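Contents: one structure, followed by commentary.
The values are calculated or read from the model by the stated rules, or taken from the named source; none is laboratory data. Everything numeric here is computed off the predicted structure, so don't read it as measured data. Don't worry about glycine lacking a Cβ; one is built from the backbone with ideal geometry, like all the others, and counts go over all protein chains shown. Quick note on the areas: whole protein, heavy atoms, side chains included, nothing else; ligands and nucleic acids left out. Shrake-Rupley method; radii C 1.70, N 1.55, O 1.52, S 1.80 Å.
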Amino acid sequence: MKRLYAVLSIVVTAIIPFFLLITAIRVMITPLYARIEYNSPGFPEDTFGFTKEERLYWSEFAINYLVNDSDISYLGDLRFPDGQPLYNQRELSHMVDVKNLVQAAYRAWWVMLAVLVGLGVWAWRGGWSGQYRRGVWRGGWATLGLIVTVLVLVAVSFQALFTQFHRLFFTGDTWIFEWSDTLIRLFPMRFWRDAFILVGAVTISGALLCIFGGRILKA
């Protein structure tokens, strides 16, 4: 059983970074983040005419689409005042891909939560809580190393990181848009750079809780 508990401790370590990262992403995918971002000093204006109020209004639809149960008509039916569709077909296709990725990540999050809680209860009742806590502690350190690496890449060349991220998670080039497209006007590069930083900061906070919480419990 000791060998099994050691393996399960490693499983906990492997889960923690992904669990914390998806938790941080969920914190970011909210209209509140967009509101804070649009009101931040130096945020670039839309040269094609969206006011801040219009950005706040239209961005809420895009953000809510990612976390609700609606199909793409939720965005496809949106129209400018002159009757033109808010999004073109390329943008809609990309939003479907993004929603599929986000929803899959959320489903995985619930599975990981169930595994962590289940193993935690088993560890507490089965007498191997020390190995479980070591798994959490190691997971915190692994998460910290991963996020620090990502934040360094953001500082060095966010454009390159952003491009590689899309090539990794999306097929084709549906994520490449014109500057005049609505998605770019609502969510310019500054928006995503700050989003990466926010996700990194929230994930690091979770990692530190795992590290110091594990040390306190082991003491």
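Rounded to the nearest 0.05, the FRET efficiency derived from the C-beta distance between SER40 and ILE10 at R0 = 45 Å is 0.65. When ASP82, ASP46 are compared by accessible area of protein heavy atoms, the largest-first order is ASP82, ASP46, using a 1.4 Å probe. Taking label positions 7 Å along the Cα-Cβ direction at both ALA104 and GLN84, the computed distance is 3.4 nm, reported to one decimal. For the options ALA62, ALA104, ALA207, a Gaussian network treatment of the chain with springs between C-alpha atoms closer than 10 Å singles out ALA104 as fluctuating the most. Segment 15-40 and segment 45-66 have Cα centres lying 18 Å from one another. Where in segment 1-68 are there chymotrypsin sites (Phe, Trp or Tyr not before Pro) that are in a DSSP coil and have at most 12 other Cβ atoms within 10 angstrom of their Cβ? When the chymotrypsin sites (Phe, Trp or Tyr not before Pro) of segment 1-68 are filtered for loop state and at most 12 Cβ neighbours within 10 Å, PHE48 remain. Counting only protein heavy atoms and using a 1.4 Å probe, what share of the accessible area of the chain belongs to carbon plus sulfur, as a whole percent? Carbon and sulfur together cover 66 percent of it.
Among the protein heavy atoms, those of LEU168 account for about 130 Å² of accessible surface (1.4 Å probe, every chain in place).
For segment 114-219, applying the loop criterion from DSSP together with a ceiling of 12 other beta carbons within 10 Å to the chymotrypsin sites (Phe, Trp or Tyr not before Pro) yields TRP179.
If you take the square roots of the eigenvalues of the alpha-carbon gyration tensor of segment 137-179 and sort them as a ≥ b ≥ c, do you get rounded (a/c under 1.5), prolate (a/b over b/c) or oblate?
It is oblate, given that a/c is not under 1.5 and a/b is not larger than b/c.
Local charge for SER70 was computed over the other residues whose Cβ lies under 15 Å away, with Lys and Arg +1 and Asp and Glu -1, and equals -3. For segment 109-187, the per residue solvent-accessible surface stands at 60 Å², with DNA, RNA and ligands left out and a 1.4 Å probe. For PHE187, no residue whose modelled amide H falls within less than 5 Å of its own remains once neighbours fewer than 5 places apart on the same chain are excluded. Taking label positions 7 Å along the Cα-Cβ direction at both GLU53 and LYS2, the computed distance is 7.1 nm, reported to one decimal. Between ASP69 and SER157, the contour length at 0.36 nm per residue exceeds the alpha carbon distance by 28.2 nm.
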